[in-house]
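The next block holds one structure in the form of structure tokens; read it before the comments.
The values are calculated or read from the model by the stated rules, or taken from the named source; none is laboratory data. In this text the structure is predicted, and so the values were computed from the model without any measurement. With ideal geometry, Cβ positions are generated from the backbone for all residues, glycine too; neighbour counts draw on all protein chains shown.
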Amino acid sequence: MPFPVLPYFSSLDFSNEEFSKLSVTGSILLKINQESEIVTFKQLLKQVLKNVSINIDLINSTISVDQIIDLLNNGVAKVLIRTDALSTLVESNIPSSRIILNIDKTDEHNQFPEISSFVLSSNEPLGDLKVASANGAREIYVIIDESSHVTVNSLVASNLTPIINKEKLTTERDEPEKISISDLFISSLRTDRPDGLYTTLVTDNHNHSLGLVYSSKESISEAIRTKTGVYQSRRHGLWYKGATSGATQELLRLDKDCDSDCLKFVVKQAGVGFCHLEQDSCFGDINGLNRLEKTLQERLANAPEGSYTKRLFTDEDLLIAKIKEEAEELTEAQDKDEIAWEAADLFYFALTRCVKNGVSLEDIERNLDLKGLKITRRKGDAKPKFITPKSDTKSTTPQEESKDNEIVDEKIVMNVIDTASASIEEVQASLQRPVQKTADIMKLVNPIIDSVRSKGDSALLELTAKFDGAKLDSPILRAPFDPKLYDISQELKDAIDISIDNVHKFHKAQYQEDTLKVETKPGVVCSRFARPIENVGLYVPGGTAVLPSTAIMLGVPAQVAGCKNIVLASPPRKDGSISPEVAYVAHKVGASAIVLAGGAQAVAAMAYGTESIPKVDKILGPGNQFVTAAKMYIQNDTSALCSIDMPAGPSEVLVIADGKSDPDFVASDLLSQAEHGIDSQVILIGVDLSATELKAIEDAVHNQALALPRVDIVRKCIKHSTTLLVKTYEEALDLSNKYAPEHLILQIENAGKYVDLVDNAGSVFVGAYSPESLGDYSSGTNHTLPTYGYSRMYSGVNTATFQKFITSQDVTPEGLENIGRAVMSLAKVEGLDGHRNAVKIRMEKLGLLEKNFV
Ligand SMILES: NC(=O)c1ccc[n+]([C@@H]2O[C@H](COP(=O)([O-])OP(=O)(O)OC[C@H]3O[C@@H](n4cnc5c(N)ncnc54)[C@H](O)[C@@H]3O)[C@@H](O)[C@H]2O)c1
Ligand SMILES: N[C@H](CO)Cc1c[nH]c[nH+]1
Ligand SMILES: [Zn+2]
């Protein structure tokens with residue numbers, strides 16, 4: 001039964017102590033006045049407003065349905081709304097059980113049979129209010145203020161729950177000007193025991209019974225006043241639990257049963273346990289997960305050196321490895337006993353990690369409950385199987401396809417972390433890229449590479465049929481290419497030509513034409529000159545989207561550098577053909593061949609060569625996890641004698657925005673990379689953003705995303721993407737440098753001023769009118785860039801990526817005289833007399849050494 005008063009918090013301006021005292025009622029009503037309070041309120045929900053059912057008053061609020069759903073999904077129990085807002089909420093899939101309806105006239109409640117919680121007007125006569133509550137299943141609340149016609153006591157006596165401002169309530173016993181919540185609670189109880197006591201069940205927060213005791217009116221008042229376990233001993237009077245043994249109790253909530261004659265104290269037990277026999281409960285110890293949690297907490301505080309649990313607490317790598325090991329064993333377990341055994345192991349290691357990080361079973365259960373109550377919006381789209389696929393868009397990967405069959409309707413919003421209140425670990429965790437399970441991927445990639453190496457073309461054709469669904473007779477097209485292969489519109493040709501032109505200009509400017517010459521000492525001239533890498537293999541992705549722009553970004557600098565053989569590889573379409581746009585670029589950059597294959601098999605074919613595919617010296621270009629893993633493999637295999645450009649994996653962008661940024665621009669930039677793939681990541685760093693400014697960006701992300709054909713990919717990418725709130729530009733740049741993004745967009749005032757602070761990034765986009773898409777296609781910079789944080793040490797593709805640099809020296813007798821003695825001394829120290837002699841012989845013949853020189 002509900003506590004006979006619902007405390008009302010009319011603003012977020014309250015102390016933890018005030019909340020803690022009134023939380024004994026188990027439920028409160030809190031008013032959200034404006035949108036700007038939502039960020040703070042959500043923090044409070046996580047940190048302070050625990051163990052209690054939180055209802056929010058939105059009667060005069062204008063917050064959006066999406067925000068209401070977000071709050072309900074983050075721990076709010078119910079929302080109090082006006083009748084005119086009801087239909088919008090119900091249409092948005094909010095269950096009626098999460099709604100408290102405020103109605104003006106008591107008899108109106110009949111019009112809403114699906115709603116079971118109402119707030120009625122306290123201006124109505126008590127008789128009418130009682131009629132409204134005649135159906136016992138309904139929760140009826142009445143707001144009490146100065147103008148109320150009914151008294152609090154009369155409401156409680158009629159099983160109606162008054163809503164009373166927290167300022168008017170007290171948990172103390174001697175504040176006559178306030179309403180005592182113990183008096184209200186006591187007045188709602190009854191007992192038929194001759195001693196006038198109330199039978200009281202004591203439980204922990206998991207509903208485990210700890211014991212059976214008795215309460216008196218006085219002990220209840222004391223329990224509420226002190227918020228501890230205070231009972232009535234039939235022999236010794238008032239009993240402050242733990243006063244002598246130390247096994248005290250924090251009183252979390254007070255409940256009563258359905259006929260109000262039996263109480264339940266929900267407590268947090270300290271010390272040796274509830275029972276005088278020093279066990280958890282009078283019915284013995286509580287085992288299972290609770291026991292394990294308790295043991296782990298004790299070990300964390302006091303683990304003996306050398307114990308296994310101590311090792312787990314101190315060696316994070318070991319703990320993580322064990323969790324993974326046990327998770328794998330659980331997935332492999334077959335029969336019931338084995339599954340239970342492995343699950344127990346997994347729980348042990350998982351709970352160890354939780355306890356180590358201060359996470360309790362209660363926190364886990366709260367999350368489970370939240371997930372169970374999660375509301376998803378219905379967007380009114382047809383089920384995917386009834387949607388006609390758009391022509392010319394490639395199908396998604398198998399993993400994506402299976403997930404696309406789920407109907408996901410929640411708001412597309414990035415997780416928000418305020419760096420001022422978050423821990424360093426939380427911020428770091430939010431900047432983790434989606435995990436690439438290298439070992440698992442290598443298990444798939446190694447056999448592919450082996451098979452292409454050993455079986456050549458036949459393996460390549462087989463793998464292309466398997467992964468790309470294309471049955472081919474030959475895996476290669478050789479230049480000159482038939483113009484029918486690139487029969488595209490003039491408009492498209494012009495667009496590609498503009499991009500090629502700009503990329504060419506920028507990369508030509510990077511080309512080091514002249515030999516670099518430096519005379520380090522008179523007569524010692526050192527030089528450096530560039531030569532193209534002769535045979536290059538360019539990988540053009542074609543899995544979730546065909547990327548002719550990547551063919552431009554790789555082909556043009558290869559051409560500028562003067563590479564002799566440009567081989568381009570890209571997965572073929574299902575009918576075995578190559579995308580005509582890619583073929584057009586291949587023709588424009590003078591490629592000698594197109595390999596009709598993708599993934600690890602294309603990389604292996606170009607690295608080792610096959611009967612028809614020429615071996616190359618360097619493989620360049622971005623790709624998915626299989627492509628990247630294969631590139632990493634072949635560059636380490638000396639028998640392949642093949643290098644790579646860099647690890648260029650799933651696209652990523654980090655946008656820094658401030659209050660002056662246009663929310664639509666910011667959202668569009670985030671989404672332009674989120675749509676690349678489910679493993680892409682986008683990060684927003686907001687500098688001193690107000691709640692309204694943040695919301696404007698979030699709304700723009702959601703609304704623009706819904707209009708994108710690849711919304712399902714975006715939705716999954718946004719799930720592991722984060723917004724970080726910081727106070728200064730310097731903090732923003734510092735975080736960005738730590739993340740080392742592939743693309744960095746500065747959508748901030750005086751953006752140019754901050755470029756000096758950029759230490760790590762693949763490519764920087766400065767100011768509101770430099771969206772990343774420009775660099776992806778047409779401005780002239782290269783879009784093949786280091787991801788995964790590799791921009792700390794790698795550059796993006798540039799002209800030099802297709803060249804190697806050779807040094808030379810030309811030394812005169814004068815030069816030899818200037819440095820010869822230094823060389824001989826160093827060679828002597830290294831014990832390399834041959835080196836020394838090569839100088840000595842020359843200097844002797846030139847008469848530069850004294851006769852007895854040794
Ligand atoms: N960093 C950069 O500069 C940059 C530039 C452009 C694109 N990208 C990224 O490149 C990636 C392109 O990936 P994509 O998947 O669209 O195309 P992709 O061409 O890289 O991969 C497609 C190939 O993967 C192989 N494959 C698919 N499933 C497989 C499986 N289960 N086992 C073995 N092989 C399998 C198939 O052979 C298929 O041909 C995206 O992540 C995109 O973000 C990065
Ligand atoms: N943004 C990608 C590099 O991470 C490149 C690209 C190609 N097409 C569109 N975008
Ligand atoms: Zn892109």
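Yes/no matrix, rows are residues, columns are (1) among the hydrophobic types (A, V, I, L, M, F, W, C); (2) touching a strand residue (DSSP E or B) at 6+ places or on another chain (Cβ under 8 Å):
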position	(1), (2)
725	yes, yes
730	no, no
735	yes, yes
742	no, yes
745	yes, yes
748	yes, yes
754	no, yes
760	no, no
768	yes, yes
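For region 51-66, state whether one or more residues are surrounded by fewer than 17 Cβ atoms within 10 Å (Cβ to Cβ) and under 30 Å from residue 220 (Cα atoms). Yes, region 51-66 contains at least one residue that is surrounded by fewer than 17 Cβ atoms within 10 Å (Cβ to Cβ) and under 30 Å from residue 220 (Cα atoms). Checking each residue of region 629-641 against the condition of being within 16 Å of ligand 1 (Cβ to nearest atom), crowded, with 22+ Cβ neighbours inside 10 Å, within 22 Å of the chain's Cα centre (by Cα) and modelled with pLDDT of 95 or more gives no match. Residue count for region 780-828 under the criterion of being more than 16 Å from ligand 3 (Cβ to nearest atom), of a type in the set (Gly, Ala, Ser) and out of contact with any His (no Cβ under 8 Å at 6 or more places or on another chain): the result is 8.
Quick check on this structure: which one of 444, 516 is under 36 Å from the mean Cα position of the chain (by Cα), within 25 Å of residue 646 (Cβ to Cβ) and of a type in the set (A, V, I, L, M)?
Values: 516 fails: under 36 Å from the mean Cα position of the chain (by Cα).
The unique qualifying residue is 444.
Being within 16 Å of ligand 3 (Cβ to nearest atom) and in a loop (DSSP other than H, G, I, E, B) is the filter here; which residues of region 712-749 pass it? Within region 712-749, 721, 741, 742 meet the criteria. Please state which one of 730, 693, 742, 698 is within 16 Å of ligand 1 (Cβ to nearest atom) and either more than 15 Å from the chain's Cα centre (by Cα) or assigned by TED's automatic domain parsing to the domain that holds residue 545 (or both). Every option except 742 fails the conditions. Screening residue 591 on (1) away from ligand 1 (no atom under 11 Å from the Cβ); (2) closer than 25 Å to residue 798 by Cβ; (3) surrounded by fewer than 24 Cβ atoms within 10 Å (Cβ to Cβ) shows it passes everything except condition (3). Across region 780-804, the qualifying residues are those that are under 25 Å from the mean Cα position of the chain (by Cα) and under 27 Å from residue 498 (Cβ atoms), and the one among them that is farthest from ligand 1 (Cβ to nearest atom) is 786. Of the residues making up region 221-269, those that are surrounded by 20 or more Cβ atoms within 10 Å (Cβ to Cβ) and of a type in the set (Gly, Ala, Ser) number 3. All conditions but one from (1) among the polar types (S, T, N, Q); (2) surrounded by 24 or more Cβ atoms within 10 Å (Cβ to Cβ); (3) within 16 Å of ligand 1 (Cβ to nearest atom) apply to residue 579; the one that does not is (2). Just to be sure, is residue 669 more than 18 Å from residue 786 (Cβ to Cβ), outside the structural domain of residue 451 (by TED's automatic domain parsing) and within 16 Å of ligand 2 (Cβ to nearest atom)? Yes, satisfied. Could you tell me whether region 477-498 includes any residue that is among the polar types (S, T, N, Q) and in contact (Cβ under 8 Å) with a residue 40 or more places away in the chain? Looking through region 477-498, none of the residues is among the polar types (S, T, N, Q) and in contact (Cβ under 8 Å) with a residue 40 or more places away in the chain. The listed residues are 586, 558, 545, and the only one of them that is within 15 Å of ligand 2 (Cβ to nearest atom), within 39 Å of the chain's Cα centre (by Cα) and not basic (Lys, Arg) turns out to be 545. Close Cβ contacts (under 6 Å, 6 or more residues apart or on different chains) running from residues in region 648-675 that are under 15 Å from residue 766 (Cα atoms) to residues that are assigned to a loop (DSSP other than H, G, I, E, B) comprise 654/741; 656/748; 658/748; 660/749; 665/768; 669/771. How many residues are surrounded by 19 or more Cβ atoms within 10 Å (Cβ to Cβ) and either in a strand (DSSP E or B) or of a type in the set (Gly, Ala, Ser) (or both) when one looks only at region 657-682? So the answer is 10. Residues in region 322-358 that are in contact (Cβ under 8 Å) with a residue 40 or more places away in the chain and charged (D, E, K, R): 356 only.
Results for (1) within 16 Å of ligand 3 (Cβ to nearest atom); (2) modelled with pLDDT of 95 or more, shown as yes or no for each residue.
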| site | (1), (2) |
| --- | --- |
| 646 | no, no |
| 662 | no, yes |
| 682 | yes, yes |
| 702 | no, yes |
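Figure legend. Inter-residue proximity from region 769-787: first residues modelled with pLDDT of 95 or more, second residues near ligand 3 (Cβ under 9 Å from one of its atoms) and in a loop (DSSP other than H, G, I, E, B), beta-carbon distance below 6 Å, spacing 6+ or different chains. Indicated pairs: 775/783; 776/783.
Of all residues being in a strand (DSSP E or B) and of a type outside the set (A, V, I, L, M, F, W, C) in region 750-806, which is surrounded by the fewest Cβ atoms within 10 Å (Cβ to Cβ)? Just the residue, please. Filtering first and then ranking leaves 804. Of everything in region 668-708, what is within 22 Å of residue 746 (Cβ to Cβ) and of a type in the set (Asp, Glu)? Give them in sequence order. Hits for region 668-708 are 669, 675, 688, 693, 698.
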